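Undergrad: One structure is given below, represented as structure tokens, and several questions about it will come after.
The values are calculated or read from the model by the stated rules, or taken from the named source; none is laboratory data. Model, not experiment: these values are computed from the prediction. FYI the Cβ positions are ideal-geometry reconstructions off the backbone, even for glycines, and counts take in every protein chain you see.
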Amino acid sequence: MIRRASALVAIAALVCPGAAAALTNPQIPGLQVALHAHGFYGGPIDGIAGPRTSNGIRAFQRTHGLHPDGLAGPSTRRALGRLGRPFFGRRLLARGQIGWDVSVLQFLLTRHGFAPPRLNGNFGAGTERAVRRFQRRAGLATDGIAGPATQAALLRTRLPAARRPAAARPTRRYVVRPGDTLTAIAGRYRSSVRALARTNRLDSSDLLLVGTRLRVPVVSLPSPSTGARSWLVRSSIDRWSAHYGVDVHLARGLAWMESGFQPNLTSPIGAWGVMQVTPATWDYVETVLIGASIPRTADGNVRVGMAFLAHLLREFRGSERLAIAAWYQGPASVRRRGLLRETSAFVADVLALKRRM
């Protein structure tokens, strides 16, 4: 399994086009730690290759006489020194080692709730203790050495006891290939990212390993004309987004993220339709925002979703990032706690889809 992870690393170009692409690349934290150590990155070590990471690479490259292409290629990684190599998955990791892969190890330990004292690319006593705690929790030999089994377990989405129940829905099998993302797989099989995540007990921000076997939810369409149904859904989205003053590309991206434009999806918590509207949100939109009963149809579902999204955009002063975060996490929680990790991943995916739809 760890060899598959290494293969994924070997073919993945460390490019920084935006957060959504970075979420499937486990190497980004190593890059961020290395840039931070050289004074070219001041953001969080979060594994998201956003603008700060991209700008940091280019600034580092310009300072070191390298072509500022924003790619962490071999020349750039050599210039980063000991923290610029090797990639995670290429060697056993034990106390006393320093490197890019140690930074990734520390990040993954933190992601699983076993944070070492520092995230600095240096495998010290605190990191060793964190590895041992993780190994005990994962049912592995507690030797404090991050070998293939420990590294593979760290790359898994969750430890077994933390899994959530999957949605009961007919599925087909799919084996993850190089370059795959949940968004791409969902689009290929007319599913949705959230349905894929629920069915496979994943978080949309988690890493995908080549060779992982996924169950893809099968969506049954009442109409034999898939193309016609998709066109009707898209027309409904375009109409109501214009009516409520929502950017049509943002509306399409959110709808695709939620349901893959499928009008008959129902989640385990009762969220339904193209926009995956919960009963509580539907009631709020009818009674507070619109003041009228909305038909329980695909078009009505889109209208309710667009009215609520417009409301969130107004509430967060036009910030698409915060409005989408509030859609996923709830506006009160966003104000009180900021964006949770899974919320940040959801927002990044929606905004990436916006640019393509």
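Undergrad: Assess whether MET257 counts as being surrounded by 24 or more Cβ atoms within 10 Å (Cβ to Cβ) and either assigned by TED's automatic domain parsing to the domain that holds ILE185 or modelled with pLDDT of 90 or more (or both).
TA: For MET257, the condition - surrounded by 24 or more Cβ atoms within 10 Å (Cβ to Cβ) and either assigned by TED's automatic domain parsing to the domain that holds ILE185 or modelled with pLDDT of 90 or more (or both) - is not met.
Undergrad: Is it the case that region 142-158 has a residue that's modelled with pLDDT under 80 and either surrounded by 15 or more Cβ atoms within 10 Å (Cβ to Cβ) or touching a Leu at 6+ places or on another chain (Cβ under 6 Å) (or both)?
TA: Quick first cut of region 142-158, residues modelled with pLDDT under 80 only: 156-158.
When the remaining residues are screened for being either surrounded by 15 or more Cβ atoms within 10 Å (Cβ to Cβ) or touching a Leu at 6+ places or on another chain (Cβ under 6 Å) (or both), the result is 156-157.
Yes, some residue in region 142-158 is modelled with pLDDT under 80 and either surrounded by 15 or more Cβ atoms within 10 Å (Cβ to Cβ) or touching a Leu at 6+ places or on another chain (Cβ under 6 Å) (or both).
Undergrad: Same structure, new question: If you go through region 1-54, how many residues are at pLDDT below 50 and among the polar types (S, T, N, Q)? Step through it out loud before you land on a result.
TA: Step one: list which residues in region 1-54 are at pLDDT below 50, which gives 1-24.
With the extra rule that they be among the polar types (S, T, N, Q), the set shrinks to 6, 24.
Here the count works out to 2.
Undergrad: Looking at region 170-226, which of the residues that are part of a strand (DSSP E or B) and not aliphatic (A, V, I, L, M) is modelled with the lowest pLDDT?
TA: Out of the qualifying residues, it is THR171.
Undergrad: Let me ask another. Which one of these is touching a residue at least 12 places away in the same chain (Cβ under 8 Å) and not hydroxyl-bearing (Ser, Thr, Tyr): GLY39, GLY65, GLY47?
TA: Being touching a residue at least 12 places away in the same chain (Cβ under 8 Å) and not hydroxyl-bearing (Ser, Thr, Tyr) holds for just one of GLY39, GLY65, GLY47, which is GLY47.
Undergrad: So ILE48 ticks every box in (1) touching a Leu at 6+ places or on another chain (Cβ under 8 Å); (2) within 22 Å of ALA345 (Cα to Cα); (3) assigned to a helix (DSSP H, G or I) but one. Which box is left unticked?
TA: So the condition that ILE48 fails would be (3).
Undergrad: Go through ARG296, ARG314, ARG303, ARG335 for me and flag whichever is outside any helix (DSSP H, G or I) and more than 18 Å from VAL193 (Cβ to Cβ).
TA: The conditions single out ARG296.
Undergrad: If a residue must be surrounded by 18 or more Cβ atoms within 10 Å (Cβ to Cβ) and over 27 Å from the mean Cα position of the chain (by Cα), how many such residues does region 48-79 contain?
TA: So the answer is 1.
Undergrad: Give the residues of region 91-133 that are of a type in the set (A, V, I, L, M, F, W, C), surrounded by fewer than 18 Cβ atoms within 10 Å (Cβ to Cβ) and over 17 Å from PRO44 (Cα atoms), sorted by residue number. Steps first, please.
TA: First pass over region 91-133, keeping only residues of a type in the set (A, V, I, L, M, F, W, C): 92-94, 98, 100, 102, 104-105, 107-109, 114-115, 119, 123, 125, 130-131.
Now narrow it down to the ones that are surrounded by fewer than 18 Cβ atoms within 10 Å (Cβ to Cβ): 92, 94, 98, 115, 125.
Within region 91-133, LEU92, ALA94, ILE98, ALA125 qualify.
Undergrad: SER259: out of contact with any Gly (no Cβ under 8 Å at 6 or more places or on another chain), among the small types (Gly, Ala, Ser) and farther than 18 Å from THR343 by Cβ, yes or no?
TA: No: the conditions fail for SER259.
Undergrad: Report whether or not ARG129 is farther than 21 Å from ARG52 by Cβ, part of a helix (DSSP H, G or I) and of a type outside the set (Val, Ile, Thr). Don't jump to the end; show me each part of the working.
TA: Values: farther than 21 Å from ARG52 by Cβ: yes; part of a helix (DSSP H, G or I): yes; of a type outside the set (Val, Ile, Thr): yes.
When the stated conditions are applied, ARG129 passes them.
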